[in-house]
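In what follows, a single structure is set out as structure tokens and then discussed.
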Amino acid sequence: MHHSYIDHLAHRPGILQSLDPRGKVAATIGYVVAVSLTPNGAVLRLGLLLTLLLGVCIASSVPLAYAAKRGLLVLPFAGPVALAMPLAQPGPIWTTIGPLELSRPGSILAATIITKAFLAATALLVLAATTRFNHLLAALRWYRLPDIFLSILAFLYRYLFIVVDEGQRVARAGRTRSPGRYRRPVTTAAAMIVGLVRRSFDRAQRVYTAMLARGYDGTTRSDHAQPRGAHNLVVSLTFGVIALSFALSPYPVILRWTL
């Protein structure tokens, strides 16, 4: 298990990798706000926001398949809410599926919710993938986020690898003891999960004890986000401003077209 898994794209050459982390955080927040403020059914605005995100991914050497796959992870959370909209929203009937009548306004709202969730999640994941985690923490600290919040993020990032590493060990031990396509019964799988939790907790305790022995006092320390020039901040903030203009500008007629 490599500790550069989440931010493994931060070492590739690209636009995002060369920008100041503080500007990238501000630009990403601006993009997410722009996505959330986009009116319901504004197809062209959402399309422009998607095009902007795709362009940044290509210019930053982020594989589009990687970004799309990670962005779809939000569907289990946004999907149930979106699927209920065609049934809950009143309006003209768009289609029927058996006894269910799906309204047209509800279907448009469902598509908008899923699209917004996908765009926002993908933007955040691209930020995390193209920024070294310690630099991201330093940028958040520069914005005066509470230390307890930064400590939780740091521990979540580090202890996640412990859980995954222990899970890989348990799975490897199970394959060694039962070669072939052996299907484990439910009781065996439950015992493996209990063992995984216990092993992960014990190892986390050892890690915490080692941190205390090395002088940990509850403060998360990381490299400070070093200024990389005003032009980097300008480029980063321009991305957020463009995104906000797509969502908020009432002037171009083409941006006001909706379903």
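Tabulated values for the structure
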item	result
Inter-site label distance for residue 93 and residue 11 at 7 Å from Cα along Cβ, in nm	6.0 nm
Backbone HN-Hα couplings from phi across the range 69-77 [Karplus 6.51/-1.76/1.60, Hz, Gly and Pro as x]	5, 6, x, 6, 5, 7, 4, x, 8
Whether the range 35-75 is rounded, prolate or oblate, judged on the alpha carbon gyration tensor where a/c under 1.5 counts as rounded	oblate
Estimated FRET transfer efficiency (residue 77, residue 217; beta-carbon r; R0 41 Å; 0.05)	0.70
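Each value in this text was obtained by applying a stated rule to the coordinates, not by laboratory testing. These figures come from a predicted structure and were not determined experimentally. Counting neighbours? That spans all protein chains shown, and the Cβs are built from the backbone with ideal geometry, glycine included.
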